């Protein structure tokens, strides 16, 4: 089953399809394996409860714009890394006594668009078997900072944790352990959730009209190639209340968008080669470069209302990276939709980086971390204790 091909992008279908095939060939060349989409779905449980934990992602080769909003198919493939600076814990319980789905997120009952997005994932999970049982969802983002920050990627971890818990609760843990299958459903609340589900440095395969089953994520650093990488996260709030959904709507209208799409296959293959070789500097360079392009695209998507996602602190932090590199300290800055910055460096340079950030006198928090793993199932009682705690 194919998905939507947006009006005005028919001419992009063939070059993006060719790029997709080149990426698949490069994965095979590098020995990157992924599971088949399951042919059989287990019978649903009459009742079921499961919980999962997932980590936020930080874009390396980033994306904006959805060619299909229902299935959340992106216009272009992307690569990100999971960040241990935070995580989302989610518990899902299917209960025949419930008359409607309900969700509590961060101690607050979800309503409106927030609840709708949760229900969309639950509906997709139920539709696999025609099950009608409603569910109770309890979730919290667990932060290591006072400031939540915009652009930390917790919508991705929330999406991955929800999909893993829902699939395991209704059908059992074996189905949820199929990473390809899980990543397809982790895509439905937030597209980047598919990469959060896969873990590590993950590639999301996507282009307009690609089928639901073929738009999935696969982990690229499957042999510890990036264990030496240190991540330092600086959470920064958005003064304009920036919404990622707005960026997705605006981006395809930018005159820069098509060139971004067409350059992607070559960059994916370059990044894949670097990851497999443990070449973290190339990964960092690509992440910093695409941070600039991402915001260039979103800032040029509307003639009337420019979507400027950075805050004044960002400029100082970007310039600091140039200064550090001139002094022989390799470090690269990455931002996604919001102003939050994730610095990518070698663990040997982590102390120098944190000292430099603190030396700017901006009063910013720093969270030391590393590349984190995939979404994983955890004990539901343990999950609820963490959520309630």
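Bear in mind that the values in this text are calculations on the coordinates, not laboratory data. Being a predicted model, the structure only gives us computed values, none of them experimental. Note: ideal-geometry Cβ built from the backbone for every residue, glycine included; neighbour counts use all protein chains shown.
Tabulated data
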| quantity | calculated |
| --- | --- |
| Some residue of region 362-380 being touching a strand residue (DSSP E or B) at 6+ places or on another chain (Cβ under 7 Å) and assigned to a helix (DSSP H, G or I) | yes |
| Filter result (in a helix (DSSP H, G or I) and touching a residue at least 60 places away in the same chain (Cβ under 8 Å)) within region 294-318 | 294, 297, 298, 313, 314, 317 |
| Qualifying position, being surrounded by fewer than 21 Cβ atoms within 10 Å (Cβ to Cβ), more than 27 Å from residue 6 (Cβ to Cβ) and out of contact with any helix residue (DSSP H, G or I) (no Cβ under 6 Å at 6 or more places or on another chain), among 246, 238, 259 | 238 |
| Any hit, region 81-94, residues being within 14 Å of the chain's Cα centre (by Cα) and closer than 24 Å to residue 253 by Cβ | no |
| Evaluation of residue 347 against (1) buried (at least 20 other Cβ atoms within 10 Å of the Cβ); (2) in contact with a strand residue (DSSP E or B) (Cβ under 6 Å, 6 or more places away or on another chain) (one fails), failing number | (1) |
| Qualifying position, being over 22 Å from residue 245 (Cβ atoms) and surrounded by fewer than 20 Cβ atoms within 10 Å (Cβ to Cβ), among 100, 110 | 100 |
| Test: residue in region 124-135 that is in contact (Cβ under 8 Å) with a residue 12 or more places away in the chain and over 25 Å from residue 46 (Cβ atoms) | no |
| Residue in region 310-331 that is within 30 Å of residue 31 (Cα to Cα), within 18 Å of the chain's Cα centre (by Cα) and surrounded by 19 or more Cβ atoms within 10 Å (Cβ to Cβ) present | no |
| Tally of residues being closer than 17 Å to residue 114 by Cα and outside any helix (DSSP H, G or I) across region 145-174 | 2 |
| Unique residue being surrounded by 16 or more Cβ atoms within 10 Å (Cβ to Cβ), assigned to a helix (DSSP H, G or I) and without any contact (Cβ under 8 Å) to a residue 40 or more places away in the chain when the list is 287, 274 | 274 |
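Yes or no, residue by residue, for (1) closer than 19 Å to residue 272 by Cα; (2) surrounded by fewer than 24 Cβ atoms within 10 Å (Cβ to Cβ):
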{"residue": "165", "(1), (2)": "no, no"}
{"residue": "169", "(1), (2)": "no, no"}
{"residue": "179", "(1), (2)": "yes, yes"}
{"residue": "182", "(1), (2)": "no, no"}
{"residue": "193", "(1), (2)": "no, no"}
{"residue": "198", "(1), (2)": "yes, no"}
{"residue": "205", "(1), (2)": "yes, yes"}
{"residue": "209", "(1), (2)": "no, yes"}
